[in-house]
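The values are calculated or read from the model by the stated rules, or taken from the named source; none is laboratory data. This is a predicted model, so every value here is computed, not measured. These accessible areas exclude ligands, DNA and RNA; they are computed on the full protein's heavy atoms, side chains included. Shrake-Rupley method; radii C 1.70, N 1.55, O 1.52, S 1.80 Å.
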Amino acid sequence: MKHYLLIPLTLAAMATASHAQTIYRCVGNVYTNDAAEAKSKGCKIMEGGNITIVQGTRVNSGNAPSGANGVKVATASEKSPYTPNARIDDNDQKARDSEARSILEAELKKAEARQSELVKEYNNGEPEMLGPEHRNRQKYIDRIAELKASITRNESDIAGIRRELSRVK
């Protein structure tokens, strides 16, 4: 009966041992399981468990044809409407300027509305105390400082938007 148990255990151990190979690590993080190659390159045996090596992807070379991977790569000689040196039609430029002006004006209105809300909440440095601020004066002082910083930052944003508006024709 003991012999019947020993045979499957021995076969299982032999199968496991045949799958385990010695892995060698060579210079430059190169790995191999060929003992002759490892000896010729002066590689060292890896110890301490299994390792997994995943091959990296190849970098596309600039010499590949445009349809090689289904991706077309633009070259500098091709005409593009958005190149910096391309001439833009006057009507197109006027349309772009008009669109930019309308976007900047909308941003300016939002910033001015936000500024008036902040100034109203700030109340000349004495905003209304909120619930937890009655018990903790430091929270109130911190909120006042944050409001003041927000007002200053918003004033700077408004000035920047106005500068941009003056640049747009």
Of all residues in region 71-127 being modelled with pLDDT of 70 or more and of a type in the set (Val, Ile, Thr), the one that is nearest to Arg153 (Cα to Cα): Val119
What do you reckon, is Glu133 open to solvent by 80 Å² or more (accessible area, probe 1.4 Å) and acidic (Asp, Glu)? no
